[in-house]
Amino acid sequence: MVNNQCELRADWTLQPSEENVSEATTEIERVIIVGGGSAGWMAAAALANDLGSSCDITLIESEAIGTIGVGEATIPPIKFFNQRLGIDEPTFVRETNGSFKLGIEFIDWSRKGHAYFHPFGQYGAEFDSVPFYHYWMREHLAGDATPIDEYSMAWAAAKAGKFSPPSQDRRNIQSTFDYAYHFDATLYAAYLRKYAEARGVARIEGRVTNAQCAAENGFIKSVEMEDGRVFEADLFIDCSGFFGLLIEKTLETGYEDWSHWLPCNRAVAATCEKTSDIVPYTKSTAKSGGWQWRIPLQHRTGNGYVYCSEYLDAEDAEKELVSSLDGAAISDPRHLRFVTGRRKKFWNKNCVAIGLSAGFMEPLESTSLHLIQYGILRLLALFPDKTMSPLLAEEYNALTEAEYERIRDFLILHYTATTRDDSEFWRYCANMPIPERLEYKIDHFRTHGRIVSDERELFSNPSWIAVYLGQDIVPAQAPAMTRHRKAVPVADRMAAIRSAMSEAVAAMPTHEAFIERHCKSALQ
Ligand SMILES: Cc1cc2nc3c(=O)[nH]c(=O)nc-3n(C[C@H](O)[C@H](O)[C@H](O)COP(=O)(O)OP(=O)(O)OC[C@H]3O[C@@H](n4cnc5c(N)ncnc54)[C@H](O)[C@@H]3O)c2cc1C
């Protein structure tokens, strides 16, 4: 397919059209994206939206290779990506058979028979200069048994099977929660493909077999297809998934392996029929050799078992998954392999890796599509010209590396803070050494009930609180300031918050009714 700025010459080399060749320019004129999974089409859509017709964008994908086809749960910032592209929410949810997500329920993680909820949004409401959760800790340590969940609007709505978007009025208790989506990632990519092609992105079908680099600096000049076609560009975006076709096979960038901290390296996924109302949250259940996800969509439920091959073999994982499905299986189980970690450089020479080609930290907190989103937005913010200033790549790599590490540590927290010792896998997790920075954060919370929050932390304080407390890390004492503020009517304020929340939740529609009214898919 040829877009309106390019023509395919007889020698199959993608060339700028006549009016573009007359003047030499340092601006990027041609971008090639290799890969058409979520990463590739999210990148194509965002680049087409921001660059307009100033640049030729070509996406190459191979239907024969296909996409990973999983990736159905997200976190709240995805809303901003869609908004930036001008995609309205009801259309998006309808087109992707989506549902709404208020958080994740973690079952059997800290110990068997125990569950906790990681909600989107805050706990309680601020009524003093001392944060709400500090007061909650004070009361909790003094014997008040009210779980912190009862101060979360997201938890209350999720457990009642209710949903409506938060209020914009910050004085309203309904403004204290946030939400994301569950959706069919394949349909999302298909939707973004339509969006990108309508804005001039050219799609080439076929398998890339090779890439040519310039002798003088090792920059990628072109990619070659199985049928001999050659496509040149100034900037290459590697969205080829775990293959890492350009970033690794061509540029040999290297991979930092994090298996010793995040040992799961396999998954088996299967979809089943919908048998009950669509709950507005993801379920994550810890199992003997890893954990299992349950993601409800409008027309079906996505399930998968993420495990470590050292402790569980594929056949047993599949059996365990299939026997726990709560509806008739729709698809045959699909087995996937991965190594948790990240590429040593995300931007190397004139190639930027986005998506699974950049790294993967397993889907425990649904962060992969988020990392794609921010990879794209960061690239747009640091968009280079043909001189490819190494400073831009350096900044991109530093920011992305820090973001990966912050997310990594949050994920490790779920595993390290377990008291399970009923399988070799959990014994390994409970005893593995962890990054120093995470150890420091845990020490602060355990000792003083304080959250050490790094600047730009994706998971803000309430998320850390949810997982610390949920994983049974209870502070020895509440922060000292709570003991100085004796005049603050804490118990009254807390009771008022609980009562405002139950009133608000009672008035919300059910999740099913909300979908039915606003964004029901044709398949439901
Ligand atoms: C078990 C599991 C569960 C997950 N769950 C979640 C989740 O709940 N939430 C979340 O945010 N993320 C999740 N993810 C991650 C998510 O699936 C990916 O981040 C997302 O789908 C992006 O994948 P991708 O586009 O990078 O790669 P892929 O989907 O693998 O796409 C790669 C593309 O490259 C093309 N390609 C490869 N080689 C060539 C070649 N030689 N020539 C031409 N084309 C080529 C392929 O055809 C394909 O189009 C999960 C991942 C796994 C493994």
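Tabulated data for the structure shown
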quantity	calculated
Placed amide H near Asn348: partners under 5 Å, 5+ positions off or other chain	Ala353
Two-decimal log10 I(q)/I(0) for region 241-305, as the Debye equation yields it once each C-alpha is a single scatterer, q = 0.14, 0.25, 0.26 Å⁻¹	-0.64, -1.04, -1.08
Within region 40-183: Cβ-based charge dipole about Cα centre, in debye rounded to nearest 20 (Lys, Arg +1; Asp, Glu -1)	320 debye
Given charges at Cβ of Lys, Arg, Asp, Glu: the chain dipole, positive-most of Pro77, Val474, Gly244	Val474
Rounded Å value of the spacing that divides the Cα centres of region 263-302 and region 105-134	22 Å
Listed peptides 68-79, 122-133, 440-451 by packing density, highest first (mean Cβ within 10 Å)	68-79, 122-133, 440-451
Debye-sum result for region 370-460 in log10 I(q)/I(0), which assumes one identical scatterer on each alpha carbon, at q = 0.14, 0.17, 0.26 Å⁻¹	-0.66, -0.83, -1.28
Calculated P(r) tail over 11 Å for region 172-212, as whole % of Cα pairs	77 percent
Per-peptide average of other Cβ atoms within 10 Å, ordering 378-386, 486-494 highest first	378-386, 486-494
3J(HN,Hα) from dihedral phi, region 94-108, Karplus parametrisation 6.51/-1.76/1.60, rounded to Hz, x for glycine, proline	5, 5, 10, 6, x, 9, 9, 10, 9, x, 10, 9, 9, 10, 6
Whole-Å semi-axes of region 136-179's equivalent ellipsoid (Cα gyration tensor)	24, 13, 6
Segments 196-205, 290-299 sorted - mean Cβ within 10 Å per residue, highest first	290-299, 196-205
Probe 1.4 Å, protein heavy atoms only - accessible area per residue of region 382-436 in square angstrom	43 Å²
Per-selection Kirkwood Rh - region 123-231 (Cα, Å, 1 d.p.)	19.9 Å
Farthest positive-ward along the chain dipole, Cα basis, beta-carbon charges - from Leu382, Ala495, Ser53	Ala495
Separation of alpha-carbon centers, region 339-369 and region 145-191, rounded to whole Å	28 Å
Rounded to the nearest 20 debye, dipole of the chain from Cβ charges on Lys, Arg, Asp, Glu	1500 debye
Extreme residue, positive dipole direction of the chain, given options Ser521, Phe410, Pro462 (C-beta unit charges)	Pro462
Accessible area per residue in Å² at 1.4 Å probe, computed on region 85-158	32 Å²
Hull volume in cubic angstrom per residue (convex hull over the Cα atoms of the chain)	158 Å³
Label point distance in nm, Ser167-His518, each placed 7 Å from Cα along Cα→Cβ	1.6 nm
Shape call, region 139-296: gyration tensor on alpha carbons, a/c limit 1.5	prolate
Computed over region 368-475: relative contact order in percent, which uses C-alpha pairs under 8 Å that are six or more apart	23 percent
Convex hull volume per residue for region 310-393, taking Cα atoms only, in Å³	143 Å³
The chain, helix-only ellipticity at 222 nm - DSSP H runs n ≥ 4, -39,500 (n - 2.57), divided by all residues, nearest 500	-10000 deg cm²/dmol
About the Cα centre, charge dipole magnitude for region 160-236 (Lys/Arg +1, Asp/Glu -1 at Cβ), debye	520 debye
Relative contact order of region 427-501, pairs being alpha-carbon contacts under 8 Å that are 6 or more residues apart, as %	28 percent
Under the span-like rule (Cα at least 15 Å along the axis, Kyte-Doolittle mean at least 1.0), DSSP H helices of the chain	368-381
Note, ³J(HN,Hα) from phi for region 220-237, Karplus 6.51, -1.76, 1.60, rounded to Hz, x at Gly and Pro	6, 9, 7, 10, 10, 9, 3, 8, x, 5, 10, 10, 9, 7, 8, 10, 10, 10
Average accessible surface area per residue within region 302-345, 1.4 Å rolling probe, Å²	53 Å²
J(HN,Hα) series, region 329-344, from Karplus relation 6.51 cos²θ - 1.76 cosθ + 1.60, nearest Hz, glycine and proline x	5, 9, 10, 5, x, 10, 9, 10, 10, 7, 10, 5, x, 8, 5, 4
Carbon + sulfur, % of accessible area of region 123-273 - ligands and nucleic acids excluded, 1.4 Å	48 percent
Distant-in-sequence amide H partners of Asp56 (H built 1.01 Å from N, under 5 Å)	Arg30, Val31
Simple label model, 7 Å out from Cα along Cβ direction - Arg498 to Glu395, nm	5.0 nm
Nonlocal amide H pairs with Asn210, under 5 Å, H built at 1.01 Å	Glu224
As computed over region 203-348, the Cα convex hull volume per residue (Å³)	166 Å³
Percent RCO, i.e. relative contact order, over region 314-387, from Cα pairs under 8 Å lying at least 6 residues apart	21 percent
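The values are calculated or read from the model by the stated rules, or taken from the named source; none is laboratory data. Note that the structure is predicted; figures quoted are calculated from it, not measured. Quick reminder, even Gly has a Cβ in these numbers, built from the backbone with ideal geometry, and neighbours come from all protein chains shown. Heavy atoms of the whole protein, side chains included, go into the accessibility calculation; ligands, DNA and RNA do not. Shrake-Rupley method; radii C 1.70, N 1.55, O 1.52, S 1.80 Å.
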